[in-house]
Each structure stands twice: as C-alpha cells, then as structure tokens.
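Take a look at the structure below.
The values are calculated or read from the model by the stated rules, or taken from the named source; none is laboratory data. Note that this is a predicted model, so its numbers are computed, not measured. Cβ atoms come from the backbone with ideal geometry, glycine included; neighbour counts cover every protein chain shown. Heavy atoms of the whole protein, side chains included, go into the accessibility calculation; ligands, DNA and RNA do not. Shrake-Rupley method; radii C 1.70, N 1.55, O 1.52, S 1.80 Å.
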Amino acid sequence: MAEGCMRALRYGMVFFNLLFWLGGCGILGVGVWLSVTQGNFATLSSSLPSLSAANLLIAVGTIIMVIGCLGCVGAVKESRPLLLSFFILLLLIFLLEILSIILFFAYQDQIDQYAQSDLKKGLQLFGTEGNVGLTNAWSIVQTDFRCCGVTNHTDWFEVYNTTRVPDSCCLEYSDNCGLENPGTWWTAPCYERVKSWLQENLVVLWIFALCTALTQILGLVFSMTMFCQAVKVETFYA
C-alpha cells in the first residue's frame, strides 16, 4: 500500500515539475526572444536600468527551470535532500510573493510618489547616448497609451529646456511634430493611463496570481508529502 502511494506521488510530482519546467522554458524563451528582437528595450526607471521586460522574463524563467528540475530529479530518485531543497526554495518564493503584496498595499501611496519621481528622472535620459532602451520604451508607451509625460506633457519641458515634446506625443506622428502647437499633442498623463489599464485588467491579474499561488501550494504539498513518505519508507526498512 505504501509503495503504491509512493509511486502515485512520484508520478504526480514528476508530471507537476515537468509542466513547471516547461513553463520556465517558455518564459525564458520569450525573454530571450524579446532581448534579441527588441534590442535594448528597457525599463522606464532610471534607478533600475537593468529591470527590463526581457531581463525579468529571463530571470524568472531560469529560476522556474532550476526549481522544476530540482523537484523532478528529486521525485525520480526519491532523494530527500533534493525534495527538501525544492520545498524550501518554493516556500521562500511563495512567502516573498505574499510579503510583496502586503507591502504594496500597505505603502501604495508612497510607492506611487516614488514611482512618479523616478519616472520623471528617467525622462532626463531620453534620447541620450547609451539609453536607447529607455528612449524606445517611452516612445512605445506614449504611442500605445496615447499619453504624454508622467503627470502631463509639461514634464518634457524640463528635459528639452523649451516648450517641445517627443514626436511620440503627437496625435498624428510625423518628424518634428513635437515642435508644433500643443493642440496636436496627447494631454493624458502616462502614469495614470497605465495605472487605469492595470485596474481595468485587475480581474485577469488576480486570476493569474491565484493560479500561480495554487500551483505553488500544490508543489509544496506534493514535495512535503513525498518527503515524509520517503522518511517513513526508509525508517520502515532500517
């Protein structure tokens, strides 16, 4: 009976971690693809220049692949050290995610103020040498969200020391259209536009977060149950 339960747990653990590992491969692949095809598409933040979408996906994908591989090998070999390592790593990630969510809601106003301040500092790097990624990112955000600047289009006046904006702020794009009448520019603030978009897709984000949490809990239950069974079997035959 114990051997049958152990076999079922092993198959379940291997299947779960195989999916986990494949998911990590997919995320890593998307990150590499973004890095290759989008060049230096980077973050809008000046204080975290390496936190690009591509780099973030590559890091997350690599971590998921390593954890999935650890759990899969641990399940196949019924290795207690590997199963315990898998459990501890997954538990730490799960707790960090919960802590991050709690801190986000507890300090939401402060985070808003810091984010806006940091984004405005990032505007100073727009179009400068070595900051192609940041420049591209701002151009895409302003074009796709039909907005201009962090809080309004005047944010760009401090960058150019004149009353002009990037061409991506224009209602109808053309070369040097940012030099024309302000009536031809987008007036909506990008920070609020992006924030509103996230709020509109909040249900999707929560569903994704819930699915992620359930997957992690399932992994924790599988690994700890299998670890305990391995201990019982070893104790029984000792």
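See the values below:
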quantity: The range 89-118: number of residues that are aliphatic (A, V, I, L, M) and either farther than 27 Å from LEU220 by Cα or in contact with a Ser or Thr (Cβ under 9 Å, 6 or more places away or on another chain) (or both); calculated: 4
quantity: The range 138-175, subset in a loop (DSSP other than H, G, I, E, B), of a type in the set (Val, Ile, Thr) and farther than 17 Å from LEU125 by Cβ, residue least open to solvent (accessible area, probe 1.4 Å); calculated: THR151
quantity: Residue match in the range 110-117 (condition: among the aliphatic types (A, V, I, L, M) and modelled with pLDDT under 85); calculated: no
quantity: Neighbours by Cβ (under 8 Å, 6+ apart or cross-chain): first from the range 187-208, of a type in the set (Ser, Thr, Tyr); second part of a helix (DSSP H, G or I); calculated: THR187/HIS153; TYR191/ALA115; TYR191/GLN116; TYR191/LEU119
quantity: GLY219 in contact (Cβ under 8 Å) with a residue 12 or more places away in the chain, small (Gly, Ala, Ser), open to solvent by less than 90 Å² (accessible area, probe 1.4 Å) and part of a helix (DSSP H, G or I); calculated: yes
quantity: Any hit, the range 182-189, residues being out of contact with any helix residue (DSSP H, G or I) (no Cβ under 8 Å at 6 or more places or on another chain), part of a helix (DSSP H, G or I), within 20 Å of LEU119 (Cα to Cα) and modelled with pLDDT of 80 or more; calculated: no
quantity: Residue within the range 43-52 that is modelled with pLDDT of 65 or more and not polar (S, T, N, Q) present; calculated: no
quantity: Any hit, the range 148-162, residues being of a type in the set (A, V, I, L, M) and under 25 Å from the mean Cα position of the chain (by Cα); calculated: yes
quantity: Checklist (1) more than 18 Å from the chain's Cα centre (by Cα); (2) at pLDDT below 85 applied to PRO166, failing item; calculated: (2)
quantity: Residue count for the range 77-119, restricted to those that are outside any helix (DSSP H, G or I) and open to solvent by less than 80 Å² (accessible area, probe 1.4 Å); calculated: 2
